[in-house]
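K.L.:
One structure is given below, represented as structure tokens, and several questions about it will come after.
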Amino acid sequence: MESKKYIDACEEYILHTYNRYQIVIEKGDGVYLYDADGKKYLDFGAGIAVFALGYHDKEYSDALKNQIDKIIHTSNLFYNIPAAKAAEKLVKASGMDKAFFTNSGTEAIEGAIKAARRYAYNKDGRTDHEIIAMNHSFHGRSLGALSVTGNAKYQEPFKPLIGGIKFAEFNDLDSVKAQINEKTCAIIMETVQGEGGIYPAKPEFLQGVKKLCEENDILLILDEIQCGMGRTGYMFAWQEYGVKPDVMTCAKALGCGVPVGAFVLNEKTAKSSLAAGDHGTTYGGNPFACAAVDKVFDIFEKRNIIGHVKEVSSYLEEKLDALVADSDVLVGRRGKGLMQGLIVKEGIKPGDIVNKALENGLIVITAGSNVIRMVPPLVITAEHVDEMIEKLQKCL
Ligand SMILES: *Cc1c(COP(=O)(O)O)cnc(C)c1O
């Protein structure tokens, strides 16, 4: 077993902050992964909703190789060509006004929080602004993002976190109303909660929150890091709701494997929030990462990835619903498009099913305490869905 030696080395030299599956991934091709012992896996996790285009897409890889031969880092003391192209595509796809590139999702959240505080500060000069976040949310592990993550277990050992954060119940408009006061500068939420257990926002909730924001000049920050980039059948999940955020965060599939994130501002927020000197990053917006983003948008359009997601996801939903109906282990399904959660019966650990699936050559992941999460590459076909169902059935 080749894998064993790499697992041992990782455990010897890397800080143990992850309880990993005992598998060493060596390479990927299409929607399949191969481990260091040559075992093949059908991948419905996509590196946690990252590899929207699957592995080893030739056009994507060639774009990166090309950029490597030119330049991969310039610093933000200079302009670069891929950043110009990527930002235009991101702004146009979202109908927003200005983008700021980061290196990860959690940094995009940090930037969104700073933009919101700065917007409110410009307005009234106060330094005690509050942000309302949601219970069971996930926004990242850096201290600002952790402060708006509604998960006591993640937060507790790292207190004190940043101040002025209040929590409300997702999909409960009254609980949000109850937290609003004259200090509130922003409301932050995922359009579809991911880590918390695949909970889509109800239309009346998101529309209600938007109305509250407009009435009180509060900024709506939508975290699209997991649910964005076509996953729900819309480029950004909020586009289905007829609600537009003031600030949006992206990462994960934005670079399809290259680490990159962004926060994107509407005109009102861009005009009066972060200005020269207020925010920065050494690597953010580097030409390598931006060449990936540019090519990802290019491929999405050329291959009509979103049209494909709409089509294949209705097939997936149908098959998952049939699986749930037939199973006495699964009690329900939640999700949108290619972001789906199967709810397991009380007393059964979703992790046990995930482990069995791995033995059967299928990668699925967990979410919340009782959900099996599927966030496959957006390029899966009906045949991959059939293969997944067959493998999953064996584990139930
Ligand atoms: C993954 C995730 C983040 C954090 O992104 P990182 O790149 O891991 O820092 C933030 N918000 C949501 C909704 C996520 O799914």
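Each value in this text was obtained by applying a stated rule to the coordinates, not by laboratory testing. All values derive from a computational prediction rather than experimental measurement. All Cβ positions, glycine included, derive from the backbone under ideal geometry; neighbour counts span all protein chains shown.
K.L.:
If amide hydrogens are placed 1.01 Å from N in the peptide plane, which non-local residues have theirs closer than 5 Å to the one on residue 219?
P.N.:
Here the answer is 186, 187, since their amide H atoms fall under 5 Å of that of residue 219.
K.L.:
How much length, in nm to one decimal, is gained on full extension between residue 381 and residue 68, taken as 0.36 nm per residue of separation minus their Cα-Cα distance? Numbers along the way, then the final one.
P.N.:
Numbers: separation 313, 0.36 × 313 = 112.68 nm, distance 3.16 nm.
Gain in length upon complete extension: 109.5 nm.
K.L.:
Counting Lys +1, Arg +1, Asp -1, Glu -1, what net charge surrounds residue 183 among other residues with beta carbon under 9 Å of its beta carbon?
P.N.:
-2
K.L.:
Follow-up question, since we're still on this one. Any idea how far apart residue 27 and residue 182 come out in nm if each label point goes 7 Å out from Cα toward Cβ?
P.N.:
A separation of 6.5 nm, rounded to one decimal place.
K.L.:
Here is a follow-up. Based only on other Cβ atoms within 10 Å, what is the fewest-to-most ordering of 281, 149?
P.N.:
Ordered from fewest to most neighbouring Cβ atoms within 10 Å, 281, 149 come out as 281, 149.
K.L.:
Oh, and also: Would you tally the net charge around residue 225, using a Cβ to Cβ cut-off of less than 11 Å, leaving residue 225 out, and scoring K and R as +1, D and E as -1?
P.N.:
Overall, the nearby charge balance is -3.
K.L.:
Positive end of the dipole of region 90-224, charges at C-beta (+1 Lys, Arg; -1 Asp, Glu), about the Cα centre: which of 178, 203, 119 has its Cα farthest in that direction?
P.N.:
Sorting the options by dipole projection puts first 119.
K.L.:
Amide H neighbours of residue 331 under 5 Å, counting only residues 5+ apart in sequence or on other chains, H built in-plane at 1.01 Å?
P.N.:
343, 344, 345
K.L.:
Moving on to the next point. No solvent, one uniform scatterer per C-alpha: report log10 I(q)/I(0) for region 317-390 via the Debye equation at q = 0.24 1/Å, two decimals.
P.N.:
Treating every Cα as an identical point scatterer, log10 I(q)/I(0) equals -1.29.
K.L.:
Give the percent of DSSP beta bridges with both residues in the chain that are antiparallel, rounded to the nearest 5.
P.N.:
Details: 32 of 50 bridges.
Here the share of antiparallel DSSP bridges comes out near 65 percent.
K.L.:
Another question about this same structure. Where the only charges are on Cβ atoms (+1 Lys, Arg; -1 Asp, Glu), what is the dipole of the chain about its Cα centre, to the nearest 20 debye? The partial results should precede the final answer.
P.N.:
Values: 46 positive and 53 negative charges, 129 e Å.
Charge dipole of the chain: 620 debye, to the nearest 20.
K.L.:
Which log10 I(q)/I(0) values does the chain give at q = 0.12, 0.13 Å⁻¹ under the Debye formula, counting every alpha carbon as one identical point scatterer?
P.N.:
The calculated log intensity ratios at q = 0.12, 0.13 Å⁻¹ are -0.97, -1.14.
K.L.:
Under a point spin-label approximation (7 Å from Cα along Cα-to-Cβ), what is the residue 81-residue 175 distance to one decimal in nm?
P.N.:
5.1 nm
K.L.:
Which of the peptides 204-213, 156-165 is most tightly packed, and how do the rest follow, going by the mean number of other Cβ atoms within 10 Å of each residue?
P.N.:
Details: 204-213: 18.4, 156-165: 11.6.
My ranking of the peptides, most packed first, is 204-213, 156-165.
K.L.:
Sticking with this one: Relative contact order for the chain: what is it in percent, counting Cα pairs under 8 Å that are at least 6 residues apart?
P.N.:
Normalised by residue count, the contact order of the chain is 22 percent.
K.L.:
Ok, one more. Going by a ≥ b ≥ c, the root eigenvalues of the Cα gyration tensor, does region 217-372 fall in the rounded group (a/c under 1.5), the prolate group (a/b larger than b/c) or the oblate group?
P.N.:
Since a/c reaches 1.5 and a/b is larger than b/c, the shape of region 217-372 is classed as prolate.
K.L.:
What FRET efficiency, computed as 1/(1 + (r/R0)^6) with R0 = 22 Å and r the Cβ-Cβ distance, is obtained for residue 319 and residue 356, rounded to the nearest 0.05? Walk me through the intermediate numbers first.
P.N.:
Details: r = 19 Å, r/R0 = 0.85.
The computed FRET efficiency comes out at 0.75.
K.L.:
In a shell of Cβ-Cβ distance under 9 Å around residue 379, excluding residue 379 itself, what net charge do Lys and Arg (+1) and Asp and Glu (-1) give?
P.N.:
Spelling it out: positives minus negatives among the neighbours equals 0.
K.L.:
Counting other C-beta atoms within 10 Å, which of 243, 264, 371 has the fewest, and how do the rest follow? It would help to have the intermediate numbers written out before the result.
P.N.:
Working: 243 20, 264 30, 371 24.
Neighbour counts put them in this order, fewest first: 243, 371, 264.
K.L.:
Okay, moving on. Testing the spin-label approximation: label points 7 Å from Cα along Cα→Cβ at residue 267 and residue 127. State their distance in nm.
P.N.:
Between residue 267 and residue 127, the label points sit 3.4 nm apart.
K.L.:
Another one. For a Förster distance of 30 Å, can you work out the FRET efficiency between the beta-carbons of residue 331 and residue 311, rounded to the nearest 0.05?
P.N.:
The calculated FRET efficiency here is 0.65.
K.L.:
Based only on other Cβ atoms within 10 Å, what is the fewest-to-most ordering of 15, 254, 392? Can you show the working numbers first?
P.N.:
Values: 15 6, 254 29, 392 25.
By the 10 Å Cβ count, ascending, the order reads 15, 392, 254.
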